[in-house]
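Novice: The structure that follows is given in the form of C-alpha cells.
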Amino acid sequence: MWYLITLIAPILWGTSYVFMESGLDNGLPLWNAFFRALPAGILLLLVRPIKWEWYNIRYGAAMGALNIGVFFVCMFIATYRLPGSLVATLGATLPIQVMLLRWVLFHERPQFWQVLAGGLGLYGVYILLSGAPATLDTVGIVIAFTGIFSMSLATVLMQHHGMTNNVVGFMGTQLIAGALCILPFALFMEGALPRYETSEVLTLGWLSIVNTALGYLIWLYGIRKIGVFNASLLTLVNPVVAVILGVLYMQDQISAVQYLAIVLILFSVALPNLSQCIKRCFGRWLKREQPSLNA
C-alpha cells in the first residue's frame, strides 16, 4: 500500500516541468523557487508547529538548504535551459545516486535486485534521453545534475540520521529554511520582489501547495515506510509523467523505442515488489516440499 501512496509524490513532481515551462516563463528562477517553497513551508508549520529546539532548527535548516534551496533553484534554472521532459529524465538518476551515496558514506552495500532495478531504470532513461535533440545545453545538464545530487544527499542523510516524529513540521522547517537560503541570492541576482500575473500566481500555487507541501510530505512518510532506495526508485516515474505531458500539452514528439523505454522504466519501478513476491512464493513452495524430502 505504501508503495502506491509514495508513488503519488513523483507523479505530482512529474507535472512540475510542464507548469514551469508553460506557466512561469518569466526568467526569474530564483524568485520562482522562493515562492514555491515559502508558502508550502508556512502552511505545514501552521498545520503542525515544531518545538523550537536547537537540534530541530539546525537539522531542518541543513536538510532544507540541500533538499529545497539548492534543488529548487537548480531545477528552475535547468528547465529554462532544457526541455522539461529532459530535466525530469535526468532526475531519474536519483536511485543510482542514492545507492552509491549509501555505499560510499555509510558502507551499505546494495542488494542484487537494487542494482538490477537501478540499472534497468537507468538504461530506460538513457533510451529516453537518446531521443532528445542533438544539441543540448551542457550548462543546463550540469545544473540539473547538481540539483539531483543535492536532493540525493539530503535523502540519504535523512534516512541515516532519522527524522523527528513531527514529519509535517520537519518538512515545513526544511521549506522555510530553503526559501531563506534562496532569498538573498534572489534579491542580489534578480532584483526587487517581482509582480506576478494571475496565471503565474495560480501556477505557483499549484507548485507550492500540491506539488511541494503535499508531494514532499508523502515523500518523507514514504522514506520512513518503504526505505530510501525503494522510495528513490519510484522517482523513475517522474520522467514518464513529464514525457507524456510533454507529448499531450507541449507537442513534444517521442518514438516507439522511447515508449518501450517507458515500459522498461515502469518494470524497474515494480521490481522491488516483484522480488518480494517471488521470495514469498519460493519460500511457500519450499515449505510445501519439505515433508516429501524428509519422507
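The values are calculated or read from the model by the stated rules, or taken from the named source; none is laboratory data. The structure presented is a predicted model; accordingly, all values stated were derived computationally and were not measured. Counting neighbours? That spans all protein chains shown, and the Cβs are built from the backbone with ideal geometry, glycine included. Only protein heavy atoms, including side chains, enter the accessible area calculation; ligands, DNA and RNA are left aside. Shrake-Rupley method; radii C 1.70, N 1.55, O 1.52, S 1.80 Å.
Novice: Quickly run through segment 190-215 and pick out the residues that are part of a helix (DSSP H, G or I), closer than 14 Å to ALA33 by Cβ and in contact with a helix residue (DSSP H, G or I) (Cβ under 6 Å, 6 or more places away or on another chain).
Specialist: GLU190, THR203, LEU204, LEU207, SER208, ASN211, THR212, listed by residue number.
Novice: Restrict the check to segment 101-119 and report whether at least one residue is part of a helix (DSSP H, G or I), charged (D, E, K, R) and open to solvent by 10 Å² or more (accessible area, probe 1.4 Å). I'd like the intermediate steps shown before the answer.
Specialist: Pass one, segment 101-119, residues part of a helix (DSSP H, G or I): 101-106, 112-119.
From what is left, the residues that are charged (D, E, K, R) are 102.
Restricting the remaining residues to those that are open to solvent by 10 Å² or more (accessible area, probe 1.4 Å) gives 102.
Within segment 101-119, one or more residues are part of a helix (DSSP H, G or I), charged (D, E, K, R) and open to solvent by 10 Å² or more (accessible area, probe 1.4 Å).
Novice: Determine if segment 107-117 includes at least one residue that is among the polar types (S, T, N, Q), out of contact with any helix residue (DSSP H, G or I) (no Cβ under 6 Å at 6 or more places or on another chain) and within 24 Å of PHE267 (Cα to Cα).
Specialist: yes
Novice: Then there is this: Tell me, yes or no, whether segment 25-47 has at least one residue that is among the charged types (D, E, K, R) and without any contact (Cβ under 8 Å) to a residue 60 or more places away in the chain.
Specialist: yes
Novice: For segment 245-258, which positions are among the β-branched types (Val, Ile, Thr), modelled with pLDDT of 70 or more and closer than 15 Å to VAL125 by Cβ?
Specialist: Selection gives VAL257 alone.
Conditions (1) more than 27 Å from ASN166 (Cα to Cα); (2) surrounded by fewer than 24 Cβ atoms within 10 Å (Cβ to Cβ); (3) out of contact with any strand residue (DSSP E or B) (no Cβ under 9 Å at 6 or more places or on another chain); (4) modelled with pLDDT of 95 or more, marked per residue:
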position	(1), (2), (3), (4)
PHE34	no, no, yes, yes
LYS51	no, yes, yes, no
ILE77	yes, yes, yes, no
ALA88	yes, no, yes, no
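Novice: Ok, one more. Go over the candidates PHE149, PHE185, PHE170 one by one and state the one that is of a type in the set (Phe, Trp, Tyr) and buried (at least 20 other Cβ atoms within 10 Å of the Cβ).
Specialist: Criteria check complete, one pass: PHE170.
Novice: Search segment 1-30 for residues being touching a Gly at 6+ places or on another chain (Cβ under 7 Å) and surrounded by 20 or more Cβ atoms within 10 Å (Cβ to Cβ), and hand back the single one that is nearest to PHE188 (Cα to Cα).
Specialist: MET20
Novice: Another question, then. Hey, does segment 87-97 have a residue that's touching a residue at least 12 places away in the same chain (Cβ under 8 Å) and within 16 Å of PHE34 (Cβ to Cβ)? First the steps, then the outcome.
Specialist: Looking only at segment 87-97, we keep the residues that are touching a residue at least 12 places away in the same chain (Cβ under 8 Å), and these are 87-97.
When the remaining residues are screened for being within 16 Å of PHE34 (Cβ to Cβ), the result is none.
No - not one qualifying residue is present in segment 87-97.
Novice: Another question about this same structure. Does THR155 count as in contact (Cβ under 8 Å) with a residue 60 or more places away in the chain, of a type in the set (Ser, Thr, Tyr) and under 22 Å from MET20 (Cα atoms)?
Specialist: So THR155 does not fit the description; no.
Novice: Continuing with the same structure: Regarding THR212, is this residue modelled with pLDDT of 85 or more and open to solvent by 60 Å² or more (accessible area, probe 1.4 Å)? If you could, list the steps in order and put the result at the bottom.
Specialist: Numbers: modelled with pLDDT of 85 or more: yes; open to solvent by 60 Å² or more (accessible area, probe 1.4 Å): no.
Taking the combined requirement at face value, the residue does not satisfy it.
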